[in-house]
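Notes for the one structure printed next.
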Amino acid sequence: MSSTPIQREPARPAAKPSDSLRFSIRGLLWITAGIAAALALVTQWGEFGLVIVLTVAGLAAIWIGRKKWEGGGFGVPLGIACVMAAGFLCLFLAAADSRPAARRSACSNNLKQIALALQIYNDVHGSFPPAYIANEDGRPMHSWRVLILPYIEEQALYDKYRFDEPWDGPNNRMLEGYMPGVFRCPSEKRTNPPSLMTSYVAVVGPETVWPEDKTSRFGDFQDGASQTILVVESHNAGIHWMEPRDLHTGQMAREINPMYGQGICSCHGTKNDRGRGNVAQVALVDGSVRSLENDLSREELEALLTIAGDEENPLD
């Protein structure tokens with residue numbers, strides 16, 4: 001009985017220590033260079049640099065995986081994961097970048113609605129509302145924001161408001177939680193419970209649209225409806241939406257987004273260390289909304305606030 005000899009696989013030659021060492025040093029150099037380049041990109045370009053790093057690393061992992069190992073090994077799935085992560089990060093950054101613009105647009109729409117309500121009030125009553133209604137002692141009792149409620153589709157809320165007690169009287173206090181959304185800028189910090197402070201105020205004082213408890217009419221605006229400020233943003237002014245209080249020309253800062261004190265300010269655009277941006281939006285008497293930048297001078301701002309100053313229009 002014959003036996004079949006067992007065929008043995010010829011032994012593979014052992015790798016030379018010098019070859020293994022040479023490959024390790026080369027790989028280490030490549031890894032070091034790759035990490036340095038990745039850090040430079042991320043440092044220079046931030047999140048978008050990270051997108052580039054993930055994309056390049058993913059494509060390199062796929063190419064090396066398919067070239068070195070049959071079936072790709074771990075390189076191919078790892079590379080695909082990196083490329084997918086870069087894609088998701090790109091979508092997230094695009095969405096995050098569009099949110100401030102959307103909030104600023106919504107803020108502009110709020111100002112337009114308020115300006116339109118004031119124009120309708122003027123058509124119905126023959127004048128714009130006073131900044132506040134005072135009692136017989138001259139104490140401010142009710143705000144213009146309450147007076148325009150019927151013209152911002154809040155007739156039911158207006159009907160519940162009582163003018164025979166102050167704005168913070170027992171009955172009216174029960175209505176404060178029904179603050180209309182049009183009085184809050186979407187860029188304001190969200191709180192729980194929601195803030196009851198208004199983002200939009202009038203600028204009250206002599207020669208403005210709002211001469212305190214007196215009224216003004218279109219015929220008073222000698223500077224033109226497109227050159228006179230009607231309502232402004234005031235981020236963190238600390239004014240309750242029903243409170244008969246606004247910015248006063250004798251107390252406010254005469255600049256846009258002042259570093260200290262109250263004034264015309266917003267949280268749109270690039271923010272300073274007090275959370276205020278580099279632009280602020282205002283509604284003009286004609287209903288248009290304009291963005292005022294921080295470099296607007298004191299004289300130019302005063303020209304926009306007065307109704308008959310006959311100054312040169314800075315918006316031109």
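Values in this text are rule-based calculations from the coordinates and carry no lab data. Computed from a prediction, not measured in an experiment: that's the story for all the values here. So basically every Cβ, Gly included, is an ideal-geometry build from the backbone, and we count neighbours across all protein chains shown.
Separation of segment 211-268 from segment 136-184 is 19 Å, based on Cα centroids. Sorting 158, 200, 121 from the fewest to the most surrounding beta carbons within 10 angstrom yields 158, 121, 200. How far apart, in nm, are two points set 7 Å out from the Cα along the Cα-to-Cβ line at residue 315 and at residue 127? Result for the modelled spin labels: 2.4 nm. Here the gap between residue 175 and residue 286, fully extended at 0.36 nm per residue and compared with their Cα-Cα distance, gives a gain of 36.9 nm.
Taking other C-beta atoms within 10 Å as the exposure proxy, 266, 199 rank 199, 266 from fewest upward. Potential lengthening of the chain between residue 226 and residue 120 amounts to 36.5 nm, from the contour at 0.36 nm per residue minus the alpha-carbon distance. Computed from backbone phi, the HN-Hα couplings of segment 129-144 come to x, x, 4, 7, 9, 9, 8, 5, 8, x, 7, x, 10, 9, 8, 4 Hz, rounded to whole numbers (Karplus: 6.51 cos²θ - 1.76 cosθ + 1.60, θ = phi - 60°; Gly and Pro given as x).
Can you tell me the length gained on complete extension of the stretch residue 136 to residue 168, counting 0.36 nm per residue apart and subtracting the Cα distance?
9.8 nm
For residue 267, the residues whose amide H sits under 5 Å from its own are 277, ignoring neighbours fewer than 5 places away on the same chain, with H placed 1.01 Å from N.
Estimate the FRET efficiency between residue 297 and residue 190 by the formula 1/(1 + (r/R0)^6), using the beta-carbon distance for r and 41 Å for R0, to the nearest 0.05. Calculated transfer efficiency: 0.75. Rounded, prolate or oblate, given the Cα gyration tensor of segment 147-268, with a/c below 1.5 counting as rounded? In terms of gyration-tensor shape, oblate. Annotation: amide H of residue 210 within the under-5 Å range of 205, sequence separation 5 or more or interchain, hydrogens built in the peptide plane. Near residue 135, once Lys and Arg are set to +1 and Asp and Glu to -1 for all other residues with Cβ below 13 Å from its Cβ, the sum equals -4. Sorted fewest first by neighbouring Cβ atoms within 10 angstrom, 128, 163 come out as 163, 128.
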